[in-house]
Amino acid sequence: MASAAAAAAAGMGCYSQTSWALRRLGAGGGALASAATRRRNCSVAAAVFDNQNREYVIVGGGNAAGYAARTFVEHGMADGRLCIVSKEAVPPYERPALTKGYLFPPEKKPARLPGFHTCVGSGGQRQTAEWYKENGIEVLYEDPVEAFDGKTQTLKTSSGKILKYGSLIISTGCAAARLPEKIGGDLPGVHYIRDVADADSLVSSLGKAKKIVVIGGGYIGMEVAAAACGWNLDTTIIFPEDHIMPRLFTPSLAKKYEELYEQNGVKFVKGALIDKLDAGSDGRVSSAILKDGSVVEADTVIVGIGAKPSVSPFEAVGVNIEVGGIEVDSMFRTSIPSIFAIGDVAAFPLKMYDRIARVEHVDHARKSAQHCIETLLTSQAKAYDYLPYFYSRVFEYEGSSRKIWWQFYGDNVGETIEVGNFDPKIATFWIDSDSRLKGVFLESGTPEEFSLLPKLARSQPIVDKAKLKSATSVEDALEIARSSL
Ligand SMILES: Cc1cc2nc3c(=O)[nH]c(=O)nc-3n(C[C@H](O)[C@H](O)[C@H](O)COP(=O)(O)OP(=O)(O)OC[C@H]3O[C@@H](n4cnc5c(N)ncnc54)[C@H](O)[C@@H]3O)c2cc1C
Ligand SMILES: NC(=O)c1ccc[n+]([C@@H]2O[C@H](COP(=O)([O-])OP(=O)(O)OC[C@H]3O[C@@H](n4cnc5c(N)ncnc54)[C@H](O)[C@@H]3O)[C@@H](O)[C@H]2O)c1
Ligand SMILES: O=C1O[C@H]([C@@H](O)CO)C(O)=C1O
């Protein structure tokens, strides 16, 4: 990337957004400095900077980083000013693809990079490594940040690079929760899935697998088990709760999904905890032993037992003790000036429901990145007002008997009214004690039907529960809900 000196010489502006250069020179609060002072300090600053100084540094090269980079470019603030420090070997990509198109069997045209770099998942441009170069964005690959010093505004990477930042955007996401090594969590054949290297390793195991065990009944469990059906594998899902997707689905909705999976040959072991994973004579995983002593054989195990926010080495910035993650305000500012956190790792005010939340879904990664960078670059004091949106798609591979796609908007609180069946579609409405519609789920909707969901969840209309309960079809139920807007 161009050095700060070159950037200043090229008239690309000074460090006025962050004022860190001024502070470093003892000039005091940049925001208060006159334009003339700023210009003067800028040229002095440029003279003393070497190219270890970066105006904007994003740590983490995932979904949020890709969308943040796009926003920098849109504002003409990337070229020579922005550096992304990534643990991964490739530019940011749309992580959701890893348990969807990426896991199609070889003959069913699986998705592969560079096909799904951000921002294609929301209809944007595909930002390949060339795109970052063309836009003057420095990307450090496979060089995670290992140490952070807020006082000197420096980062140290695993290769020993010392980077000085003006503004720092933490977008380190989450890491997969793991089963302990002492119970076999690291055995060959045991997989976790967070990045493309994990997905490649899983694909190579699926190619040789016969019997697989999926541990965890959440998003990864549901998506990976469905993918395994595409490979015709003997698949068992094991989880501690009494139904799948316990954080979102109602027992009755989960039952419909479980039946559909069973029709596809998937077996369920519910209410079960893993005691240990055993290895065969070749050292590879050979079975899962449950706490009740029963044994489920497997040559491949996929563990999807949740994710943990990657706060290290930024703990000193301020971790929220209730939801984990780095605490930020409605503009993604942390307690330390010029440090921001976005995406999965950010504990932010969820304005609609007046609570601090972390959201581990891609829509928030995209929107938080855009909001943070826009407010940073334009100095607009606009509060993030997020409407939670989750979705999944499974059994999408060619030849599957039933493709599944669903969306959920809002908050899953209150009593529920469920309408319909997989033949042809399902809707679930969450309604609070004031009869306000708080959350809505739709499976196999049309684009027009799906577009109604955010309107309903955002405006939370009072609905006629008796009328909704008597709906004869999902279309009818959605019309009843629409008429209450
Ligand atoms: C397999 C899978 C499928 C998913 N499917 C869906 C879906 O269908 N729908 C949905 O809404 N959400 C989905 N999600 C969630 C979604 O992908 C995340 O919410 C989103 O990726 C979060 O973006 P992020 O940038 O905050 O974190 P990430 O995309 O995880 O990016 C974080 C990046 O930071 C890097 N990093 C971490 N620590 C450091 C460090 N110290 N130095 C440098 N780099 C570091 C990581 O290697 C990673 O590249 C899925 C997640 C997974 C794992
Ligand atoms: N469509 C999507 O939005 C999507 C798809 C895939 C992954 N993701 C994201 O990836 C991350 C990881 O997904 P995930 O499915 O692992 O998390 P999750 O939180 O969705 O599900 C975790 C599941 O693990 C199980 N579990 C928890 N502790 C366990 C234990 N000790 N032993 C056995 N089972 C246990 C429970 O059944 C729980 O439902 C999350 O952030 C998730 O949001 C999202
Ligand atoms: O949001 C998403 O992005 C990817 C894919 O669309 C990228 O091409 C995917 O599978 C999603 O669910």
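The values are calculated or read from the model by the stated rules, or taken from the named source; none is laboratory data. On a predicted model such as this, the values are computed, not experimentally measured, just so you know. Note that each Cβ is placed from the backbone with ideal geometry, even for glycine, and that neighbours are counted across all protein chains shown. Note: areas computed on protein heavy atoms with side chains; ligands, DNA, RNA excluded. Shrake-Rupley method; radii C 1.70, N 1.55, O 1.52, S 1.80 Å.
Positive end of the dipole of the chain, charges at C-beta (+1 Lys, Arg; -1 Asp, Glu), about the Cα centre: which of Leu168, Ser294, Gly343 has its Cα farthest in that direction? With unit charges placed on the Cβ atoms, the residue in question is Leu168.
Distance between the C-alpha centres of region 205-237 and region 58-134: 26 Å, rounded to the whole angstrom. Per residue, the Cα convex hull of the chain amounts to 157 Å³. Pairs exceeding 23 Å between alpha-carbon atoms, taken from Lys267/Lys403; Lys133/Lys164; Lys270/Lys291; Lys403/Lys425; Lys108/Lys255; Lys255/Lys276: Lys108/Lys255; Lys255/Lys276. Shown here are the Rg and Dmax of the Cα trace of region 403-483, at 11.2, 36 Å.
Name the residue from Val419, Ala457, Ile431 whose Cα lies farthest towards the positive end of the charge dipole of region 403-483, charges +1 on Cβ of Lys and Arg and -1 on Cβ of Asp and Glu. The Cα lying farthest towards the positive end belongs to Ala457. Summed over qualifying helices (DSSP H, 4 residues or more, each -39500 (n - 2.57)) and divided by its residue number, the chain shows a 222 nm mean residue ellipticity of -7500 deg cm²/dmol. Among the protein heavy atoms of the chain, carbon and sulfur supply 51% of the accessible surface, probe 1.4 Å, non-protein parts ignored.
Here's how it looks for Ile84: its modeled amide H is under 5 Å from those of Ile58, Glu138, Val139, Leu140, which are all 5 or more places away or on a different chain. Which one, Gly399, Val303, Val319, is farthest towards the positive end of the dipole of the chain when Lys and Arg carry +1 and Asp and Glu -1 on their Cβ? It is Val319, whose Cα lies furthest towards the positive end.
State whether region 123-277 is rounded, prolate or oblate according to the following rule on the C-alpha gyration tensor (a ≥ b ≥ c being the square roots of its eigenvalues): a/c under 1.5 gives rounded; otherwise a/b larger than b/c gives prolate, and the remaining case gives oblate. Since a/c reaches 1.5 and a/b is larger than b/c, the shape of region 123-277 is classed as prolate. With a/c under 1.5 counting as rounded, go ahead and sort region 346-460 into rounded, prolate or oblate using the C-alpha gyration tensor (a ≥ b ≥ c being the square roots of the eigenvalues; past the cut-off, prolate if a/b is larger than b/c, else oblate). Verdict is oblate for region 346-460.
Charging the Cβ of each Asp and Glu at -1 and of each Lys and Arg at +1, and nothing else, the dipole of region 410-466 about its Cα centre rounds to 180 debye.
When exposed loop sites are taken as trypsin sites (Lys or Arg not before Pro) in a DSSP loop with at most 10 other Cβ atoms within 10 Å, the longest stretch of the chain clear of them is 209-485.
Distance from the Cα centroid of region 447-482 to that of region 255-283 is 36 Å (rounded to whole angstrom). With loop membership from DSSP and a limit of 16 other Cβ atoms within 10 Å, the longest segment of the chain without chymotrypsin sites (Phe, Trp or Tyr not before Pro) is 142-421.
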